[in-house]
Amino acid sequence: MKKYSSLEFSAALDIIGINPFVFVPEGILELLFKQAGKNKGPIPIKGTVNKKAYTQTLIKYQDAWRLYINTAMLDHSPKRVGETIAITVSFNPSPPAVMAPPAFLKALQKDKKAGSMYESLTPSLKKEILRYLSHLKTQESLDRNIERAINFLKGKERFLGRTLPG
């Protein structure tokens with residue numbers, strides 16, 4: 001597998017809504033686009049923030065490429081707005097697969113209506129649901145959110161800030 005060179009920069013942490021981020025410098029973006037072989041759509045990346053490793057997706061929002069800095073990447077990131085952080089970044093040719101929690105798969109098998117609706121969702125929405133569920137930290141939180149996801153798929157409640165279309 002090809003190894004991509006790590007690109008370094010520092011940037012002041014900013015925030016949009018509740019999401020801390022940094023703008024990626026234009027020169028770094030051009031090199032990342034070259035590594036990725038594209039300059040549109042989400043770009044999987046990896047690197048370090050203040051020497052702590054991360055994997056993430058670089059996305060364009062409101063005509064600007066932003067690297068969102070979550071609390072797994074930088075402790076207390078929402079409280080650190082204005083701080084200058086050291087960042088390395090490179091294209092990630094093999095982003096990690098998102099695995100479905102076994103309890104969610106079991107719930108989909110048990111509830112045929114929810115399972116059928118889940119199968120009809122777009123791949124990106126399926127991935128968003130799985131990513132959300134797989135990042136929950138406690139079993140209690142996972143159980144509660146699986147129930148919410150099943151209710152969402154049955155059109156009974158909102159989930160991930162969405163109402164099921166239709």
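The values are calculated or read from the model by the stated rules, or taken from the named source; none is laboratory data. No experiment lies behind these values; they were computed from the predicted model shown. Quick reminder, even Gly has a Cβ in these numbers, built from the backbone with ideal geometry, and neighbours come from all protein chains shown. Calculation scope for accessible area: heavy atoms of the full protein, side chains included, ligands and nucleic acids excluded. Shrake-Rupley method; radii C 1.70, N 1.55, O 1.52, S 1.80 Å.
Things to note:
- Residue in segment 22-30 that is farther than 15 Å from residue 86 by Cα and under 20 Å from the mean Cα position of the chain (by Cα) present: yes
- Within segment 64-138, helices (runs of 4 or more DSSP H) holding 1 or more residues that are closer than 30 Å to residue 8 by Cα and open to solvent by 30 Å² or more (accessible area, probe 1.4 Å): 123-134
- Residue count for segment 1-57, restricted to those that are assigned to a loop (DSSP other than H, G, I, E, B), more than 10 Å from residue 89 (Cα to Cα), open to solvent by less than 80 Å² (accessible area, probe 1.4 Å) and among the hydrophobic types (A, V, I, L, M, F, W, C): 1
- Subset of segment 146-166 (residues that are within 16 Å of residue 110 (Cα to Cα) and not in a loop (DSSP other than H, G, I, E, B)): 146, 147, 148, 149, 150, 151, 152, 153
- Residue pairs whose Cβ atoms lie under 6 Å apart, separated by 6 or more positions or on different chains, with the first residue in segment 22-47 and without any contact (Cβ under 8 Å) to a residue 60 or more places away in the chain and closer than 15 Å to residue 66 by Cα and the second open to solvent by 20 Å² or more (accessible area, probe 1.4 Å) and in a loop (DSSP other than H, G, I, E, B), are 33/39; 44/95.
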